[in-house]
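The numbers here are math on the coordinates, done by the rules we state, and not lab data. Keep in mind the model is a prediction, meaning the values are calculated, not measured. A quick note on method: Cβ atoms are made from the backbone with ideal geometry, for glycine too, and the neighbour counts reach across all protein chains shown.
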Amino acid sequence: MARTGPAGGPDVVATQYLRTCGTTRSSALTERQSSMTSNEAVQTPEKTISDTIPETMMAAVLRDPARGLQIETLRTPRPKAGEVLIKVAACGLCHSDLHVMGGAIAFPLPAVLGHEVSGTIVEVGPGNENIGLEVGQRVAGGFLMPCGQCEACASGRDELCGPFFELNRLKGVLYDGTTRLATTEGEPVAMYSMGGLAQYAVVPATAVAPVPESIDMVPAAILGCAAMTGYGAVRRGADLRFGESVAVVAVGGVGTNIVQIARAFGASQVIAIDVDDDKLAPMLDYGATAVVNSATHDARQEVLRLTGGRGVDVSFEALGIPATWTTALDVLADGGRMVPIGLGAGVQTAGVEINRTVRRSQSILGSYGARTRQDLPAVVELAASGVISYKEIVSRRLPLQEAGLGYEALHNREIRGRAVVDMSL
Ligand SMILES: NC(=O)c1ccc[n+]([C@@H]2O[C@H](COP(=O)([O-])OP(=O)(O)OC[C@H]3O[C@@H](n4cnc5c(N)ncnc54)[C@H](O)[C@@H]3O)[C@@H](O)[C@H]2O)c1
Ligand SMILES: [Zn+2]
Ligand SMILES: [Zn+2]
């Protein structure tokens, strides 16, 4: 398939998202406090704790990749210095979790996965006096949770935060070296990012961005990884300029966002490439100017045809396998930039034609996440103002109990856009 169509996306309709809370940790509450509505906070001088935090919560726990996710009761986590506790509204199902669940990316177990969340702050930990966040604030949580203190963070390069990799990605803990998650017996449970596949999640304050009332909270979960990574690839990885031509290879959850953000940044052409016509069909609504099925067509020939024989200025790769690297490099113009964001399943290598890269002055610019503190608020703003779509990208909503089925569908390539776990279901 190779067809062209108009750009443009659906309107973002303002929807207010309301939740009720579960059982309360209320023994110390006064009568007045316990008669408050669920969104009100205890009137401590700092107003830092909601009156509705239960002792325990449900979470999807990974103990053994062979057994998959199991729903367990865990102690509700509490935030420490520089952290907030959110009542999770929704958590997106990202391919990166699949790498961990399949054992391709090593991670300590047992663990709670899930790293793109939306929710409402129910407790603000100490040391957060100047962050402007308070109980009741609705937020999006970014997967890349910068420490805010290392050299990379000091220079604004959140995506290079060393402590994030060393502590969270290797050990499943937060910045004091411990996890906030434990079973009711006290067994520690690792956190992949904030451990979003749970009713509550502790997130470093550096990784949350307030969302306005107009934002629909359940689909807003995708802002913290799929959309933020897409923004990082376009804004940081490619530094895309108005009028440049673009190809996006693999248009799943992240690739779809790259398509629409590239168009929002003024790309003259956005060519979506995938092996699945069902994934490609909606791309025209997100701003793609053409789609190419690389399983049935020669992607390079199609892209050359569509670009007057030049190739594209920027190609994004959003799957992380050698075949998609090859396609992304094959469609590149002289002087072009290839921006890979797909993560390989463990240690993988891809072939790069040495002489073509050198003689044609092409660049390969890896892009991980984004600069959370600067870019997540920008992504929220793009969604809130209707410049990018987010609600339409969520094609499936599942209850927490069915998170495992959702990942199975993702693995089987049955998910268009993104599936999310909706904690209200
Ligand atoms: N760099 C980062 O910060 C970052 C962040 C999030 C995700 N990721 C990685 O990005 C990748 C994509 O994640 P996702 O959640 O969007 O995945 P996804 O499963 O939603 O999408 C994958 C897409 O690839 C397509 N596809 C499969 N085989 C293909 C082929 N041979 N050629 C072209 N397309 C093909 C599928 O049809 C699907 O549309 C994963 O590797 C994930 O780990 C990286
Ligand atoms: Zn992700
Ligand atoms: Zn840091």
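Name the long-range amide H neighbours of residue 332: under 5 Å, sequence gap of 5 or more, or other chain; modelled H, no Pro or chain starts.
For residue 332, whose amide H was placed from the backbone, the distant partners under 5 Å are 312.
Return the inverse of the average 1/r over all pairs of distinct C-alpha atoms in the stretch 46-115, which is the Kirkwood hydrodynamic radius, in Å to one decimal.
When all Cα pairs of the stretch 46-115 are included, the Kirkwood radius is 14.0 Å.
Return the Rg/Rh value of the stretch 84-208, two decimal places, where both radii are evaluated on C-alpha atoms and Rh is the Kirkwood radius.
Ratio of gyration radius to Kirkwood radius: 0.95.
Of all the C-alpha pairs in the chain, what % are more than 33 Å from each other?
31 percent
May I ask for the angle, rounded to the nearest 10°, between helix 253-264 and the longest principal axis of the chain, with both axes built from Cα atoms and the value confined to 0 to 90°?
Helix 253-264 sits roughly 70 degrees off the main axis of the chain.
By per-residue mean of other Cβ atoms within 10 Å, what is the highest-first order of 357-368, 249-260?
249-260, 357-368
Using 1/(1 + (r/R0)^6) with R0 = 25 angstrom and r between the beta carbons of residue 395 and residue 424, what's the FRET efficiency to the nearest 0.05?
Calculated value: 0.90.
Can you give the FRET efficiency to the nearest 0.05 for residue 78 and residue 356, using r as the Cβ-Cβ distance and R₀ = 41 Å?
For residue 78 and residue 356, the calculated efficiency is 0.15.
Give the order of 175, 286, 407 when sorted by the count of other beta carbons within 10 angstrom, beginning with the fewest.
175, 407, 286
Considering only the other residues whose Cβ falls under 12 Å of the Cβ of residue 244, what net charge follows from Lys and Arg at +1 and Asp and Glu at -1?
+2
Round to the nearest 0.05 the FRET efficiency obtained for residue 334 and residue 131 when R0 = 51 Å and r is the Cβ-Cβ distance.
Efficiency for this residue pair is about 0.65.
Using each residue's phi in the stretch 278-288, evaluate 6.51 cos²θ - 1.76 cosθ + 1.60 at θ = phi - 60° and report the 3J(HN,Hα) Karplus result to the nearest Hz, with x for Gly and Pro.
5, 6, 6, 3, x, 4, 5, 6, 9, x, 5
Given H placed 1.01 Å from N in the peptide plane, which residues other than close sequence neighbours of residue 181 have an amide H under 5 Å from its amide H?
The list, which skips near neighbours in sequence, is 189.
May I have the extent of the alpha carbons of the stretch 227-302 along their three principal axes, as whole Å values ordered from largest to smallest?
32, 23, 20
Using every pair of alpha-carbon atoms in the stretch 296-380, split the distances into 10 Å bins beginning at 0 and state the percent of pairs per bin, rounded to integers.
17, 43, 29, 11, 0
For the stretch 47-83 and the stretch 317-380, what is the separation of their C-alpha centers, rounded to whole Å?
35 Å
For the residues 316, 107, 242, 165, what sequence is obtained by ranking on other C-beta atoms within 10 Å, fewest first?
The order, fewest Cβ neighbours first, is 242, 165, 107, 316.
Anyone know which of 115, 297, 99 comes out most mobile in the 10 Å Cα GNM of the chain?
Between 115, 297, 99, it is 297 that shows the largest mean-square fluctuation.
Measure up 279/391; 87/279; 171/279 against 25 Å on the Cα-Cα distance and list the ones that go over.
Distance filter (> 25 Å) returns 87/279; 171/279.
To the nearest 10 degrees, how steep is helix 372-384 against the longest Cα principal axis of the chain, on a 0 to 90 scale?
80 degrees
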